[in-house]
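Written out below as structure tokens is the structure these notes cover.
Nothing in this text is a laboratory measurement; each read-out follows from the coordinates by a stated rule. None of these values were measured; they are calculated from a predicted model. When we count neighbours, we look across all protein chains shown, and the Cβ atoms used for this are built from the backbone with ideal geometry, even at glycine.
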Amino acid sequence: MFAKISHITPVSTAPPADDLTSVLVTKGIPCTRQRRLVWEYYLNVGKAATVAEAAADLQPAGVSQATVYRTIAIFAELGLLHRVQVRTGEACYTAALPGHRHPLVCCECRRVIEFAGDDDLSELQRRLELETGFMIYGHHLEVYGLCAQCVEKRSTSRWSGLLR
Ligand SMILES: [Zn+2]
Ligand SMILES: [Zn+2]
């Protein structure tokens, strides 16, 4: 009998937003106003946003493009932001929320829904352990598709095309 691996390391161990300071401080990175604004932008934007979009939206708040680029690179390195794939191949990021969660990404409008992934792949991981002898402790999962609104939009434009 194989011992059941009861712990699965969460994919995301990012702390809640109000803990941003302590994450940065433990890494010796000052939590500046600009860095906080970049973090808040990704927490609230509600989609997988490109670096250019973040830079454009944060410019009025006085955050330079160079700062946005550098901050996103730091946050991605620290696991505070997750890079997700979109159809166009652009680098898009979403805020990594605490706990075992995965993003469901709309390929058209880049809306992101985070869903709880507890025990999601435990069957598969158990099977892989039996087959390969690996001791598996985690996984990375992103799910893609079209959101309900984009599906609706597509079917509407198909109909209007037929009626023309
Ligand atoms: Zn969509
Ligand atoms: Zn999972």
Worksheet item: Whole-Hz Karplus ³J(HN,Hα) for segment 66-76, in order, using 6.51 cos²θ - 1.76 cosθ + 1.60 and θ = phi - 60°, x for Gly and Pro?
Response: 4, 5, 4, 4, 5, 5, 4, 4, 5, 5, 5
Practice prompt. Starting at the first residue of segment 99-105, write each ³J(HN,Hα) from the Karplus equation 6.51 cos²θ - 1.76 cosθ + 1.60 with θ = phi - 60°, in whole Hz, x for Gly and Pro.
Written response: x, 7, 9, 10, x, 10, 10
Worksheet entry | Unit charges on C-beta of K, R, D, E only; dipole of segment 17-163, Debye | 540 debye
Discussion item. List residues of segment 76-109, by number, whose backbone nitrogen lies under 19 Å from a label position 7 Å along Cα→C-beta of S155.
Written reply: 106-109
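Express the relative contact order of the chain as a whole percentage, based on alpha carbon pairs under 8 Å and six or more residues apart in sequence. The partial results should precede the final answer.
On the way: 203 pairs, mean separation 41.4, N = 164.
Averaging sequence separation for qualifying contacts and normalising by length gives 25 percent for the chain.
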Item to complete: Please work out whether segment 12-164 counts as rounded, prolate or oblate from its C-alpha gyration tensor, where a ≥ b ≥ c are the square roots of the eigenvalues and a/c under 1.5 means rounded, while otherwise a/b larger than b/c means prolate and anything else oblate?
Response: oblate
